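Since every read-out is calculated from the coordinates, none of them should be taken as a lab result. What you are looking at is a predicted structure, and each value in this text was computed from that prediction instead of being measured. Heads up, the Cβs are rebuilt from the backbone with ideal geometry, glycines too, and the neighbour counts pull from every protein chain shown.
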Amino acid sequence: MTIDVYTSTGTKKGTVELPKSIFGAAINEGLMHQAVVRQQSNRRNPIAHARGRSEVQGSTRKLYQQKGTGRARRGSIRSPLMRGGGKAFGPRSIANFEKKMPRGMRRQALFSSLSYKAEQKAILGLENYPEELKTKTFMTLLGKLPVNIGRRILVVTAANHRSLILSSRNVSGLKTVTAAELNPEDVLVSHHIIFLVDAIAKAEEIFGKEGEKAVKKEKAPAKKKAASKAK
């Protein structure tokens, strides 16, 4: 699969081949959903908190004697039954929403997400970007590229590209990540993904071997079935 490559001035220069090990994986919607839910859950910060009877202010003295008053047997004023007392089963800020997922499944979810975007023709290449810290220059470039400004755009670089990061940080809906920071959530929520050409090579260097192993595992059962039919 090939994508169009554009220069820093916005003119189309040619095409580049996407590595099949990363952008040619099988699309698994269930796995992608699981990976995105995991990312969102692990980022969740529990802030809702209701104070228990040990946290509210008030005396621990028994309100009145156990017998002889004809009233209910009351203990501390901090009791959940009393007005102003602690909450019995309220939300706690120590709640843990962490979800775990094996590394192989996380990587396969990433490959599936990138392959899905590649099929949608939502990926394009950028040859380079000038060492100029100016948002106006970056917006001029975006205006010449086949992307929808205002929709979510993901820019992928090989390493920390200072001029590109600083020039694009005020653009609404745009996010810049390195190839090593690629993740299913950022890929799937983006309407367009712009890869710097060297970022594609870097992604293949980081994830390529694992992608090739996954492709081989997918093809292996088919060969066994063909051999069994031949017998």
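Rounded to whole Å and sorted largest first, list the principal axis extents of the Cα atoms in the chain.
Computed over the Cα atoms, the extents are 93, 67, 25 Å.
What order do you get for T2, T7 when you list them from fewest to most C-beta neighbours inside 10 Å?
On the way: T2 11, T7 15.
Going from least to most buried by this count: T2, T7.
Where does each of 113-123, 134-144 land if you order them by average Cβ count within 10 Å, highest first?
Numbers: 113-123: 19.1, 134-144: 14.7.
So the peptides 113-123, 134-144, ranked by packing, come out 113-123, 134-144.
Sort 193-201, 58-66 by packing, meaning the average of other beta carbons within 10 Å per residue, with the highest value first.
Values: 193-201: 21.4, 58-66: 11.0.
In decreasing order of mean packing, 193-201, 58-66 become 193-201, 58-66.
Taking the highest mean first, how do the peptides 16-27, 166-177 order by number of other beta carbon atoms within 10 angstrom per residue? Show your work: numbers first, answer last.
Values: 16-27: 17.7, 166-177: 16.1.
Most protected by this proxy first, the peptides run 16-27, 166-177.
Using a simple charge model, +1 on the beta-carbon of Lys and Arg, -1 on the beta-carbon of Asp and Glu, nothing else, what dipole does the stretch 45-96 show about its Cα centre, in debye to the nearest 20?
Values: 12 positive and 1 negative charges, 69 e Å.
It works out to roughly 320 debye.
Want the number for S76 to T135: 0.36 nm per residue separation, take away the alpha-carbon distance, what's left?
My answer for the length gained is 15.0 nm.
Please name which of G84, N45, G10 has its Cα lying farthest along the dipole of the stretch 3-89 towards the positive end, using unit charges on Cβ (Lys, Arg +1; Asp, Glu -1) and the Cα centre as origin.
G84
Any idea what the dipole of the chain comes to, in debye rounded to 20, about its Cα centre with Lys/Arg Cβ at +1 and Asp/Glu Cβ at -1? All intermediate terms of the calculation are to be shown ahead of the outcome.
Working: 44 positive and 18 negative charges, 443 e Å.
Roughly 2120 debye, rounded to the nearest 20.
If I fit a long axis through the Cα atoms of helix 29-43 and take the longest principal axis of the Cα atoms of the chain, what angle between them do I get, 0 to 90°, rounded to 10?
It works out to around 50 degrees.
Three principal axis extents, largest first, for the C-alpha atoms of the stretch 106-214, in Å?
Taking the Cα atoms of the stretch 106-214, the three principal extents are 43, 24, 19 Å.
Once the Cα atoms of helix 103-119 and of the chain are each reduced to a long axis, what angle between those two axes, in degrees from 0 to 90 to the nearest 10, is obtained?
Compared with the principal axis, the helix lies near 50 degrees.
I need the phi-derived Karplus couplings for the stretch 132-141: 6.51 cos²θ - 1.76 cosθ + 1.60, θ = phi - 60°, integer Hz, Gly and Pro marked x.
Here the 3J(HN,Hα) series is 9, 8, 8, 5, 4, 4, 5, 5, 4, 5 Hz.
Take every DSSP beta bridge with both residues inside the chain and express the antiparallel ones as a percent of the total, to the nearest 5. Write out the running numbers ahead of the final one.
On the way: 5 of 21 bridges.
The antiparallel proportion sits near 25 percent.
Just name one of S163, M101, L196: the one whose Cα is farthest towards the positive end of the charge dipole of the stretch 73-222 (beta-carbon charges, Lys/Arg +1, Asp/Glu -1).
Positive-end residue among those listed: M101.
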